[in-house]
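One structure is given here, and the rest of the page talks about it.
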Amino acid sequence: MFDFRSDTVTQPTQAMRDAMATAVVGDDVYGDDPTVNALEQQAADMAGFEAALFISSGTQANLLALMSHCGRGDEYLCGQQAHNYKFEGGGAAVLGSIQPQPLTNLADGSLDLNEIVAAIKPDDIHFAQTRLLSLENTIGGKALPLEYLAQAQQLAFDNGLKLHLDGARVFNACVAQGVSLATIAQHFDSFTICLSKGLAAPVGSLLVGDEVLISKARRWRKMLGGGMRQAGILAAAGQLALTEQVERLADDHANAAYLAEGLAQLQQVEVQSCATNMVFATFNHSDLNSLSQQLLADGIKASVGKNTRLVLHKDISREGVDSLLASLARFER
Ligand SMILES: *Cc1c(COP(=O)(O)O)cnc(C)c1O
């Protein structure tokens, strides 16, 4: 089976399974798990930051960041397409009493800087207090330009806002732009990393920030029931995600470009965008159900719809891309 639905479907490597089986562990709620502590230190060091926190999911990592930067009645600015606005069940509002102020994402995934400034609420009792700007990188597969990050940082500084990055796929941006994690992270007060997407760990995300922010986040994590005990079993896979899976993302990007080229040859498919490990395409087939069934019969899982997102990852080889293209071509005949 080749599964194009998401990079979350990646299986852990044999090295990860071996490391998990032999990980030295302790009770992480007591701070006693040496493998978790090492992973957190490793992530902080890679980014040039003070501290990091190992968290069960990217959703919880974003929630902890929002709750640690903002209080009740505060507000964060983010994109309409932001995962931490659109795809996290309204958690910031429900659990944090924090109001989102979404802004329209531009075609490159960024937010217009003038619109951000215009959305910052004046200090007036009618308004929520704008505390935080939250960006996402990559977003829809697209890496935000480094100059844009610098401009956003200046804007945040000038307006007394903190700046958070939902960096679930930040390493895809690093690899695409040929820069280190620190080069991107330096523009932010905090950021998240998903270990369980293209980096192939089975479970886990990290929140990275300064000591004060991370100690607040640690308290919220416990309150939300996210304190884990012998979590080093999971962190052991996370360590290998950071050391052995980052450079490999370049293969996924090359496969995405190869897939986009192949799709462009088809009659009923229009490629909308291809960036890092994602291809977005319009599928104009009149019977998408039959197409789905044929793909499944050919060993391919994909969320086909009018707007189709195809995601490349470690468990999709060049041959996997070829079999998807062949199946689509056969369906057109
Ligand atoms: C996947 C994802 C998340 C959430 O991660 P989960 O581990 O699935 O909760 C957050 N932000 C972005 C941009 C993501 O792609």
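The values are calculated or read from the model by the stated rules, or taken from the named source; none is laboratory data. Since we're looking at a predicted model, the values are computed, not measured. Glycine gets a Cβ as well: all are built from the backbone with ideal geometry, and neighbour counts include every protein chain shown. Quick note on the areas: whole protein, heavy atoms, side chains included, nothing else; ligands and nucleic acids left out. Shrake-Rupley method; radii C 1.70, N 1.55, O 1.52, S 1.80 Å.
Observations
- Some residue of region 75-89 being open to solvent by less than 70 Å² (accessible area, probe 1.4 Å) and more than 16 Å from the ligand (Cβ to nearest atom): yes
- Residue under evaluation Ala21, criteria (1) more than 21 Å from the chain's Cα centre (by Cα); (2) closer than 30 Å to Leu295 by Cβ, criterion not met: (2)
- Taken over region 170-186, the criterion of being touching a residue at least 40 places away in the same chain (Cβ under 8 Å), of a type outside the set (Phe, Trp, Tyr) and open to solvent by less than 30 Å² (accessible area, probe 1.4 Å) is satisfied by Asn172, Ala173, Cys174, Leu181, Ile184, Ala185.
- The set of residues from region 42-68 being open to solvent by 30 Å² or more (accessible area, probe 1.4 Å), assigned to a helix (DSSP H, G or I), more than 16 Å from the ligand (Cβ to nearest atom) and not charged (D, E, K, R) comprises Gln42, Met46.
- Residue list for region 142-157, filter: open to solvent by less than 50 Å² (accessible area, probe 1.4 Å), of a type outside the set (A, V, I, L, M) and assigned to a helix (DSSP H, G or I): Tyr148
- Selection within region 114-141 - in contact with a Phe, Trp or Tyr (Cβ under 9 Å, 6 or more places away or on another chain), open to solvent by less than 70 Å² (accessible area, probe 1.4 Å) and either more than 26 Å from Ser205 (Cβ to Cβ) or not β-branched (Val, Ile, Thr) (or both): Lys121, Leu132, Leu133, Ser134, Leu135, Asn137, Gly140, Gly141
- For first residues located in region 11-40 and in contact (Cβ under 8 Å) with a residue 12 or more places away in the chain and over 26 Å from Arg221 (Cα atoms), partners that are surrounded by 15 or more Cβ atoms within 10 Å (Cβ to Cβ) and β-branched (Val, Ile, Thr) and lie 6+ apart or on another chain with Cβ distances below 6 Å do not occur.
- Within region 284-306, the set of residues being in contact (Cβ under 8 Å) with a residue 60 or more places away in the chain and open to solvent by 60 Å² or more (accessible area, probe 1.4 Å) comprises Lys301, Ser303.
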